[in-house]
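What follows is a single structure, written as C-alpha cells, with notes after it.
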Amino acid sequence: MLKFRLVIIPLIIILTSTCTKEKIEEKGATEYIQEIKKWDQRRIERLKAPDGWLNLVGRTWLKPGINKFGSAKDNDVVIESDKVPAYMGEFIFKDSIVIMKVYDNVQVLLNEKPVKESIMIDDQKKDMTVFEYGTVRWNLIIRGDKYGIRFRDLNSHLVKNFKGIERFPINEDWKLTANFEAYNPPKKILVPNVLGQIDEELSPGAVVFEKDGDTYRIDAIDEGDRLFLIIADETSGEETYGGGRFLYVDKPDSAGKIILDFNKAYNPPCVFTKFATCPLPPEQNYLKLKITAGEKNYGEGH
C-alpha cells in the first residue's frame with residue numbers, strides 16, 4: 001500500500017503543475033486579448049473625436065489672391081454642406097500669408113468669439129487657428145508648397161454611422177521582440193505621399209525582426225518619445241489598404257530591444273477620407289511578408 005502511495009503522489013504533483021501552467025498561460029492570453037481590444041476602442045474614440053479623421057468633409061488648395069468661400073458652387077472654395085451660407089467670406093493668399101475675411105451678414109467664431117478678419121495660423125504650428133460655423137470647422141494646412149483649407153463637420157454622416165474597423169484575429173504570435181540598429185548619423189530617407197510629393201525624413205535607425213526564420217528591417221522615423229513606422233506587406237492592396245499601414249513603437253530599451261506588436265498596425269486616415277494627405281511607405285519598408293495582424297482595409301479606401 002505504501003508503494004502505491006509513493007507512485008501516485010508524484011503523478012498528482014505533475015498533473016497539478018501542468019494544470020496550473022495552462023491556467024497561467026490562458027490567463028495571460030486573455031489579458032493580452034483584452035489589452036488589444038482596449039487599444040482598438042481608444043483608436044475608435046480618437047477617430048471620432050473633434051480633431052479625428054472621420055469628420056473631414058472638404059479640402060481645397062488655395063490659389064494666389066482672393067479665394068471666395070461658402071456652399072455655393074461658384075465659390076473658389078466650396079464647402080459641400082447645407083449647414084453653411086452660400087457666401088461666407090474670402091481667403092486672401094499672398095506671400096505665404098493667408099488672411100480670412102468674413103462677410104458682414106455671417107457670424108464665424110474663433111475661440112468662441114465672433115471674428116471678421118484674421119491671419120490664419122497653419123497646422124504646422126502649435127497655436128493653429130480653428131474657425132467655426134455651427135458644427136462646421138476649418139483651418140489652414142500646409143503640405144510642401146501647397147496651402148489649403150481643411151473642413152470638418154463634427155456631426156458628419158461618417159461620425160454618426162461609424163461601426164468600427166475589421167481586423168485580423170488577435171494573435172500574440174505577431175507580438176515580437178525586435179532589435180534596433182541605429183544609424184550614426186541618422187539617415188535621410190525619402191517618404192512619398194498621396195499628393196505625389198516626396199519628403200525627406202531623418203531615420204534614427206532600423207527596427208530589425210525575425211519571423212519564420214527570415215529577417216526583416218523597417219526604417220523608423222523619430223516622433224519624439226516614440227518611433228513611427230510606415231510599412232507595406234504582402235496583404236497590402238488585398239486584405240489591407242494598398243497604401244500601407246502605420247505602427248508606433250516605444251524607443252529601444254538599454255539593451256537595444258523593441259517590442260514590435262503588429263496587432264496594433266492601423267490604417268492611414270486616407271482609408272476613411274479623400275481629404276487627408278497621407279505619407280506612403282518608403283520603398284525599403286515594403287516587406288516580403290504576409291502580416292495577418294492588425295487592421296484590415298476599410299470600405300473602398302482612397
Turns out the strands (runs of 3 or more DSSP E) fully within the stretch 25-101 with at least 1 residues that are at pLDDT below 95, out of contact with any helix residue (DSSP H, G or I) (no Cβ under 7 Å at 6 or more places or on another chain) and among the aliphatic types (A, V, I, L, M) are 56-61
Just give me the residues in the stretch 110-154 being free of Cβ contacts under 8 Å to residues at least 40 places away in the same chain, in contact with a Ser or Thr (Cβ under 7 Å, 6 or more places away or on another chain) and not β-branched (V, I, T), in sequence order.
L110, S118, M120, N139
Just to be sure before I move on: is K175 farther than 22 Å from R46 by Cβ and open to solvent by 20 Å² or more (accessible area, probe 1.4 Å) in the structure I sent?
no
Hey, can you tell me all the residues within the stretch 249-302 that are within 28 Å of I33 (Cβ to Cβ), open to solvent by less than 10 Å² (accessible area, probe 1.4 Å), in a loop (DSSP other than H, G, I, E, B) and touching a Leu at 6+ places or on another chain (Cβ under 7 Å)?
A265
In the stretch 101-111, the residues that are among the polar types (S, T, N, Q) and surrounded by 11 or more Cβ atoms within 10 Å (Cβ to Cβ):
Q107
How about the stretch 77-100: which of its residues are crowded, with 16+ Cβ neighbours inside 10 Å and of a type in the set (D, E, K, R)?
E90
Quick one: would you say K187 is open to solvent by 60 Å² or more (accessible area, probe 1.4 Å) and part of a loop (DSSP other than H, G, I, E, B)?
no
I'd like the residue in the stretch 54-71 that is in contact (Cβ under 8 Å) with a residue 40 or more places away in the chain and of a type in the set (V, I, T) and, out of all such residues, is nearest to I149 (Cα to Cα).
T60
Selection within the stretch 138-166 - under 23 Å from E295 (Cα atoms) and within 19 Å of the chain's Cα centre (by Cα)
L158, V159, F162, K163, G164, I165, E166
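How about the stretch 157-214: which of its residues are polar (S, T, N, Q) and farther than 25 Å from L280 by Cβ?
Matches in the stretch 157-214: N161, N171, T177, N179, N184.
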Can you tell me how many residues within the stretch 146-167 are over 23 Å from V98 (Cβ atoms), of a type in the set (F, W, Y) and either open to solvent by 60 Å² or more (accessible area, probe 1.4 Å) or at pLDDT 95 or above (or both)?
0
Near pairs, Cβ below 8 angstrom, 6+ apart or cross-chain, from the stretch 25-39 (open to solvent by 70 Å² or more (accessible area, probe 1.4 Å)) to any residue that is modelled with pLDDT of 95 or more
K37/I170
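Give G196, G164, G224 a once-over and let me know the one that is in contact (Cβ under 8 Å) with a residue 60 or more places away in the chain and not in a strand (DSSP E or B).
Testing whether each residue is in contact (Cβ under 8 Å) with a residue 60 or more places away in the chain and not in a strand (DSSP E or B) leaves just G164.
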When residues of the stretch 112-124 are limited to those that are over 27 Å from the mean Cα position of the chain (by Cα) and assigned to a loop (DSSP other than H, G, I, E, B), the one surrounded by the most Cβ atoms within 10 Å (Cβ to Cβ)
K116
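The values are calculated or read from the model by the stated rules, or taken from the named source; none is laboratory data. Computed from a predicted model, the values in this text were never measured in an experiment. Here Cβ is always computed from backbone atoms with ideal geometry, including for glycine, and neighbour counts include all displayed protein chains. Side chains included, ligands, DNA and RNA excluded: accessible areas come from the protein's heavy atoms. Shrake-Rupley method; radii C 1.70, N 1.55, O 1.52, S 1.80 Å.
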